[in-house]
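The values are calculated or read from the model by the stated rules, or taken from the named source; none is laboratory data. Keep in mind it's a predicted model, so treat the numbers as computed, not measured. All Cβ positions, glycine included, derive from the backbone under ideal geometry; neighbour counts span all protein chains shown. Note: areas computed on protein heavy atoms with side chains; ligands, DNA, RNA excluded. Shrake-Rupley method; radii C 1.70, N 1.55, O 1.52, S 1.80 Å.
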Amino acid sequence: MTTVNGDMTEQLHDKRTVVIEPAGLDRLIEVLSRQGYEVVGPTLRDGAIIYDRLASTADLPVGWTDEQGPGTYRLRRRGDNALFGYAVGPHSWKKFLFPPALTLWRARQAGESFEMEAETAAEPRYVFFGVRPCELQAMEIQDRVFMKGAHIDPSYRSRRENIFVVAVNCGHAGGTCFCVSMQTGPRATFGHDLALTEVVGNGSHYFVVETGSGAGAEILDDIPHREARDEEIAAADRLLCDTAGRMSRELETNGIRDLLYRNYENPRWDDVAGRCLTCANCTFVCPTCFCHTVEDVTDLDGRHAERRRPWDFCFTADFSYLHGGSVRSSAKSRYRQWMTHKLAAWIDQFGTSGCVGCGRCITWCPVGIDITEEARAIRESER
Amino acid sequence: MSPGPCESPMRPQPYVVRGVRRETHDVFTLELEPAGDAAPLAFGPGQFTMLYAFGMGEVPISISGDPAGNTMLVHTIRAVGTVTRALERCRKGDVLGVRGPFGTCWPVDEAAGKDVVLAAGGIGLAPLRSVMYRLLARRERYGRIALLYGTRTPEDIVYRDELEEWRGRLDLNVQVTVDRAGSDWRGNVGAVTTLLPRAEFDPANTVAMFCGPEVMMRFTMLALMKRGLQAEQMYLSMERNMKCGIGLCGHCQLGPFFICKDGPVFPYDRVKWLFGREEI
Ligand SMILES: Cc1cc2nc3c(=O)[nH]c(=O)nc-3n(C[C@H](O)[C@H](O)[C@H](O)COP(=O)(O)OP(=O)(O)OC[C@H]3O[C@@H](n4cnc5c(N)ncnc54)[C@H](O)[C@@H]3O)c2cc1C
Ligand code: SF4
Ligand code: SF4
Ligand code: FES
């Protein structure tokens with residue numbers, strides 16, 4: 001399984017590039033399910049493409065695409081039967097690795113003392129089916145948060161170490177994507193067991209598949225496939241090149257850390273505060289946001305206690321609460337905290353930007369606030 | 001001492017309350033001992049634990065005891081809200097949960113051979129008391145030592161016996177002030193900064209440490225800088241909401257820092273560019 005970027009198993013296996021027909025992907029789901037995996041991936045639900053259980057490729061949003069813009073998201077028929085002809089939706093894979101609600105432990109009062117109950121449930125083993133390149137980077141970023149520091153989140157790690165990753169390179173640039181600026185896409189270069197490029201049109205429909213790990217190469221034994229021909233590889237490459245050329249927006253990252261650190265007092269923060277509703281949608285959908293809180297609760301007789309860990313959001317007043325009031329009481333300070341963390345502080349904390357250019361925060365912001373636009377405004381104010 | 005790979009760093013260890021002492025009407029000190037045969041907690045001055053009241057919640061509290069030799073984990077707590085009030089209801093024999101110790105330490109070793117100025121506001125004296133114990137344990141290592149402490153009223157003075165004992169020593173300069181007092185108070189009234197003229201030190205060879213409200217620390221720093229101290233000679237303890245203590249929950253951020261692991265004690269020149277900014 002791909003654990004971590006640069007893992008030995010990724011480098012040591014003999015990388016292969018093969019072609020798989022659409023039916024072969026059903027076979028892949030079947031084989032992995034039989035190995036005890038729970039296969040999750042994109043599927044249609046309530047007018048959006050979200051991530052949930054897949055029984056077969058029929059559960060994918062076949063023939064659908066999305067139209068995205070600041071504050072807007074709409075599904076539309078493509079006119080073909082592409083399996084992956086859309087960009088990312090409101091969900092991200094973090095909901096499986098870093099669940100929105102998790103019980104960390106349970107304890108019971110025992111005499112004067114209390115006893116921790118032993119862990120029972122084994123963590124699920126997931127196949128992530130249809131991970132976009134920017135999302136691979138988002139996972140790599142959360143790895144740094146939850147398993148590369150001095151303290152490790154054991155639940156995250158056991159989920160993470162057991163996933164099988166089927167990545168999908170992007171043949172469709174979403175309306176708010178800017179992965180090229182963040183150097184995270186549109187082609188998967190690490191962190192996957194298999195990476196697919198879907199080629200559809202002119203009467204043909206096939207997947208150019210690159211192996212990314214020993215486990216990925218091994219599973220090909222059970223899936224009908226053939227070696228990829230040069231023109232098939234070239235067709236896939238052309239597609240990804242086109243996608244890269246169709247980015248809807250750009251974020252200039254050069255010197256951005258110092259730029260933001262220099263601009264804590266920029267009037268642009270007042271401007272964005274006039275629009276921001278502090279609804280926290282942006283942090284909710286962002287695949288790298290990792291903040292959470294801790295809730296301690298008891299049952300009615302007070303003898304059993306448990307600790308829960310729900311997601312938390314830097315846009316709320318409670319987030320920075322100290323006895324007497326919140327440190328960040330204004331919308332201005334909260335948006336500033338979010339964006340400065342994402343694009344600057346993250347670099348100091350984890351050696352990487354906290355943004356992968358997926359565009360979710362732009363699409364799902366009810367008032368269409370655009371992080372690339374805000375960063376540009378700050379930069380231009382210095383000119 | 002980080003936990004093993006399988007152990008969740010979010011699981012508290014049970015500690016038994018062995019002693020409860022009232023300091024003031026809303027401040028109390030707990031002495032805790034690990035339940036069973038677990039080893040006492042080794043810590044450095046300035047570090048804190050996450051203290052858990054069963055089912056009620058968990059809060060960051062500085063360790064205020066003696067880092068050397070003592071088997072007790074000592075916490076001095078001001079009851080202000082849900083969890084601290086639950087802790088206030090603790091009696092001898094009750095069991096609390098403890099995680100830690102976490103965070104950075106005061107520079108007691110760097111201060112060797114130098115004059116030391118400690119300035120505390122309110123409950124901020126708790127972590128600086130650990131520093132005092134360390135300094136006094138090796139008194140000969142240090143030059144002049146000044147402890148300046150300010151609190152709201154004479155009734156809010158914590159560690160009163162100890163302060164009086166230290167004040168009686170010829171090798172310590174201990175000064176106490178209050179914001180306001182009744183007519184029976186014979187001591188100082190005013191901010192901590194008003195005590196500074198009474199502290200003697202060699203500005204070129206001094207280390208200063210502050211813990212208290214941000215305004216108090218800011219004015220103390222400004223005053224000390226006027227007397228020739230440089231930013232690199234000053235250390236302060238920062239406070240933010242904390243939910244994990246281990247750099248995961250994101251709550252305690254201050255610019256690029258996680259106060260729970262990069263702090264709470266910072267050399268001032270590291271945080272100077274952030275300190276005093278509003279809502280940061
Ligand atoms: C590093 C550090 C060391 C501290 N050391 C001490 C100490 O030695 N003695 C002492 O009395 N107090 C100390 N505090 C402050 C103490 O943590 C708060 O008073 C306590 O969290 C209040 O919790 P509550 O539930 O009683 O209050 P509520 O007002 O009910 O607070 C609700 C929640 O907000 C958060 N919160 C509120 N105030 C603070 C605060 N000041 N700091 C951090 N989180 C807060 C907590 O998560 C708390 O559970 C320290 C804080 C920090 C960050
Ligand atoms: S900040 Fe916005 S664009 Fe960047 S990773 Fe998060 S959701 Fe995607
Ligand atoms: S930027 Fe948009 S999505 Fe984020 S909190 Fe403000 S209004 Fe909500
Ligand atoms: S308290 Fe959770 S990151 Fe510092």
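For this structure, a couple of remarks:
- Fraction of alpha-carbon pairs over 16 Å apart in segment B:13-101 - percent: 47
- Chain B: most fluctuating residue of B:13, B:175, B:47 per GNM, C-alpha cutoff 10 Å: B:13
- Lys/Arg +1, Asp/Glu -1 at C-beta; chain A dipole; positive extreme among A:363, A:142, A:273: A:273
- Segment A:292-301 - phi-based ³J(HN,Hα) in whole Hz, Karplus 6.51/-1.76/1.60, Gly and Pro as x: 8, 10, 10, 10, 9, 9, 10, 7, 4, 7
- For chain B, the fraction of alpha-carbon pairs lying more than 25 Å apart is 46 percent, rounded to a whole number.
- In segment B:13-101, Cα pairs under 8 Å separated by at least six residues give a relative contact order of 39 percent.
- Within a Gaussian network of chain A (alpha carbon springs, distance under 10 Å), most fluctuating of A:197, A:211, A:293: A:293
- Surrounding net charge for residue A:331, when Lys and Arg each add one and Asp and Glu each subtract one, Cβ distance under 10 Å: +4
- Rg to Rh quotient for segment B:119-222, alpha carbon positions, Kirkwood Rh: 0.94
- Between A and B, accessible area buried - total, square angstrom, nearest 100, 1.4 angstrom probe: 4000
- For segment B:13-101, the Cβ-based charge dipole about the Cα centre amounts to some 220 debye (Lys, Arg positive; Asp, Glu negative; other atoms uncharged).
- The mean sequence separation of alpha-carbon pairs under 8 Å and at least six residues apart, normalised by the residue count of segment A:329-383, gives a relative contact order of 19 percent.
- 1.4 Å probe, heavy atoms, protein only - residues of segment A:329-360 losing at least 30 Å² accessible area vs chain alone: A:336, A:337, A:349
- Among the protein heavy atoms of the protein assembly as shown, carbon and sulfur supply 49% of the accessible surface, probe 1.4 Å, non-protein parts ignored.
- Listed residues A:47, A:357, A:175, most fluctuating in chain A (Gaussian network, C-alpha, under 10 Å): A:47
- At the listed q of 0.18, 0.19, 0.23 Å⁻¹, the Debye profile of segment A:173-241, built from one uniform point per Cα, gives log10 I(q)/I(0) equal to -0.82, -0.89, -1.14.
- For segment B:1-112, the solvent-accessible area with a 1.4 angstrom probe is 40 square angstrom per residue.
- A probe of 1.4 angstrom, applied to the heavy atoms of all protein chains, finds residue A:210 with accessible area near 30 square angstrom.
- Placing unit charges on the Cβ atoms of the charged side chains and taking the dipole of chain B about its Cα centre, the candidate lying farthest along the positive direction among B:135, B:41, B:215 is B:215.
- Per residue of B:92-99, other chain Cβ atoms within 10 Å of the residue Cβ number 2 on average.
- Sequentially through segment B:238-251, phi angles give Karplus couplings (6.51, -1.76, 1.60; θ = phi - 60°) of 9, 10, 8, 4, 9, 10, 10, x, 10, x, 10, 7, x, 5 Hz, Gly and Pro residues having no value and appearing as x.
- FRET efficiency estimate (nearest 0.05) - Cβ-Cβ, residue A:376 to residue B:227, R0 51 angstrom: 0.65
- Convex hull of alpha carbon positions in the protein assembly as shown: directionally averaged projected area 33.2 nm².
- Net charge in the neighbourhood of residue B:199 (other residues with Cβ under 10 Å of its Cβ; Lys, Arg +1, Asp, Glu -1) is +1.
- Per residue value of the accessible surface for segment A:47-184 (all protein chains in place, 1.4 Å probe), Å²: 36
- Tail beyond 35 Å, pair distance distribution of chain A (Cα, percent): 30
- Length-normalised contact order of chain A in % [C-alpha pairs under 8 Å, at least 6 apart]: 23
- Dipole magnitude of the protein assembly as shown, debye to nearest 20 (Cβ charges: Lys/Arg +1, Asp/Glu -1, about Cα centre): 1620
- Modelled FRET efficiency - R0 25 Å, residue B:171 with residue B:79, Cβ distances, 0.05 increments: 0.10
- Here the calculated FRET efficiency for residue B:164 and residue B:26, from their Cβ-Cβ distance with R0 = 25 Å, stands at 0.75, rounded to the nearest 0.05.
- Cα centre as origin, Lys/Arg/Asp/Glu Cβ charges: chain A dipole, Debye: 980
- The HN-Hα couplings worked out from phi for segment B:260-270 by the Karplus form 6.51 cos²θ - 1.76 cosθ + 1.60 (θ = phi - 60°) are 5, 10, 7, x, x, 8, 10, x, 4, 5, 6 Hz, whole numbers, x standing for Gly and Pro.
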